[in-house]
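J.: Pasting a structure here, questions to come.
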Amino acid sequence: MAGAFICAALGIVPSVRHADYIGSWLQIIREDNRAILRAASAASKAADYILACRDTASTDVDVAGEDEADGFELEGRLAA
């Protein structure tokens, strides 16, 4: 659910629907009709946290590029 909330906040149109995933929620709801409310609340909090981090990161990081030395160091670590 958090993924759906994040997609909606970012204007991303999801293209995948998983019948098994929805079916699993139907089973959970049959057993506990408040489970969906608890899950939605937790997903909303998670999405808010992730989006807040994104907003903070976008003001702290130069997204257009990075220092060549940092890029080289990262490439060296990836190759190791």
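The values are calculated or read from the model by the stated rules, or taken from the named source; none is laboratory data. What you see is a predicted model; the values in this text were computed from it and never measured. Every residue, glycine as well, gets a Cβ built from its backbone with ideal geometry; the counts of neighbours run over all protein chains shown.
J.: Looking at region 49-58, which of its residues are free of Cβ contacts under 8 Å to residues at least 24 places away in the same chain and among the aliphatic types (A, V, I, L, M)?
T.: Of everything in region 49-58, those that are free of Cβ contacts under 8 Å to residues at least 24 places away in the same chain and among the aliphatic types (A, V, I, L, M) turn out to be Ala52, Ala57.
J.: Let me ask something else. Quick one: in region 1-34, which of the residues that are hydrophobic (A, V, I, L, M, F, W, C) and in a loop (DSSP other than H, G, I, E, B) is modelled with the highest pLDDT?
T.: Ile12
J.: Related question: Among residues belonging to region 41-73 that are in a helix (DSSP H, G or I) and β-branched (Val, Ile, Thr), point out the one that is modelled with the lowest pLDDT.
T.: Filtering region 41-73 for residues that are in a helix (DSSP H, G or I) and β-branched (Val, Ile, Thr), the one modelled with the lowest pLDDT comes out as Thr59.
J.: A further question on this structure: Could you grab me the full set of residues in region 33-52 that are loosely packed, with under 12 Cβ neighbours inside 10 Å and not basic (Lys, Arg)?
T.: Asn33, Leu37, Ser41, Tyr49, Ala52
J.: Moving to a separate point now. If I go through region 1-48 residue by residue, how many of them are in contact (Cβ under 8 Å) with a residue 24 or more places away in the chain and among the hydroxyl-bearing types (Ser, Thr, Tyr)?
T.: Result for region 1-48: 1.
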